1. Under a plain spin-label model, where a point goes 7 Å from the Cα along Cα-to-Cβ, how far apart in nm are His298 and Asp70?
2. Counting only DSSP beta bridges with both residues in the chain, tell me the antiparallel percent, nearest 5.
3. Once the piece of chain linking Glu216 and Glu240 is laid out straight, how much longer is it, given 0.36 nm per residue of separation minus the C-alpha distance between them?
4. What's the FRET efficiency of Arg261 with Glu151 using the Cβ-Cβ distance as r and R₀ = 35 Å, to the nearest 0.05?
5. Counting Lys +1, Arg +1, Asp -1, Glu -1, what net charge surrounds Gly366 among other residues with beta carbon under 10 Å of its beta carbon?
6. Find how much the distance from Thr90 to Thr49 grows on full extension, using 0.36 nm per residue of separation minus their present alpha carbon separation; answer in nm with one decimal.
7. Quick one: of the DSSP bridges fully inside segment 285-403, what percent are antiparallel, nearest 5?
8. I want the local charge near Ala221. Using Cβ-Cβ distances under 13 Å, sum +1 for each Lys or Arg and -1 for each Asp or Glu among the other residues.
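What follows draws every value from the coordinates through simple rules; no lab data is involved. Just so we're clear, the structure is a prediction, and the values are computed from it rather than from any experiment. When we count neighbours, we look across all protein chains shown, and the Cβ atoms used for this are built from the backbone with ideal geometry, even at glycine.
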Amino acid sequence: MAEHPAYPVGLRLTGRRVVVLGGGQVAQRRLPALIAAGADILLVSPEATPSVEAMADTGEITWERRAYADGDLADAWYALIATSDPEANTAASAEAERHRVWCVRSDDADAATAWTPATGHSEGVTVAVLTTNARGRDPRHTAAIRDAVVEGLRDGTLVAPHHRTRTPGVALVGGGPGDPDLITVRGRRLLAEADVVIADRLGPRDLLAELPPHVEVIDAAKIPYGRFMAQEAINNALIEHAKQGKSVVRLKGGDPFVFGRGMEEAQALAEAGIPCTVVPGISSSISVPGAAGIPVTHRGVAHEFTVVSGHVAPDDERSLVDWPSLAKLTGTLVILMGVDKIGRIAETLVAHGKSPDTPVALVQEGTTAAQRRVDATLATVAETVVAQEVKPPAVIVVGEVVTVGPDGAV
């Protein structure tokens, strides 16, 4: 029998009796999947690990605290034999054979009638990997294959085309601060499945080169605006492509809802009746300082951090930022889109009580190969930006955390 490969099949165990013999580490690893399958689980074991005991305490399984006895498998559809008693395992295996119950044995795969594959999951798909026979079983090899397939499905490097009709819609995907490795797993997968990608200039551009050739990539900065405002034109482009039955990804830098106008786009899609999925991204407000060695909070230095937009100056009537109040805070101030306004921002903070010697760091092109950090103070930052030719995009960090070193010293 061992010369023939195992026949793969998916067991539908919802509401069906599954008997597990032994409450040790094997049961602890296997029980969660059986619970998730909706099985009616009976555990027979004198003892159990704390995790297994907790499953019984919460009612996820029924636990009979005793050793195996003949007849325990009579009403079972599936059995997992994993006791530390070889004689009990052999007897239970024989009972399973008599009652035609598919049986997995943790101590002797050759004596089992079923094997447990290495399994993984990705967006509604279960990947199961089996070796061809018991003698050639290599659990590490099958697990490695499982991991490679699941990771490929999750990050989009392994793309399986959808042959059934997909529901058209738009995904607002936060691409992270710039490094293509910092996009979320879900974001990368949705990119791989997209028909159209409308990308921001500050999105992770390297990801676009990985897209299949049939994907239409549209630079949001180059959408013809005509009589429309820029954002309105982008909204219309999203709606137009989605109404054509296409899967659209709006790739944005950072997080869609952190100064990314993501909600404006979500609202426009909702009004047009277009399904919208929001995929959060790593915001540059915390990731870029971190990449430059700056913690936005640090014990004994800063107990809070505040993120503000600097795209309009403090004296601009359009500004919604309470700069005088920010000057009184003792924590960290993170300013996005503020390179060209940092001189007036610094003056305002100092005028309302912030020390001119407050450290400032400007991190340009954070998390990318072009990243560089320029340090200054509130008193010198305006001239430093000019002298060092700091250009957007750059994240500005104001506060004592700028001087915190790797050893924790300030």
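1. 7.3 nm
2. 35 percent
3. 7.3 nm
4. E between Arg261 and Glu151, to the nearest 0.05, is 0.60.
5. That sum, taken over residues with Cβ under 10 Å, equals 0.
6. That works out to 12.5 nm of additional length.
7. Bridges in segment 285-403 that DSSP calls antiparallel: roughly 75 percent.
8. Spelling it out: positives minus negatives among the neighbours equals +2.
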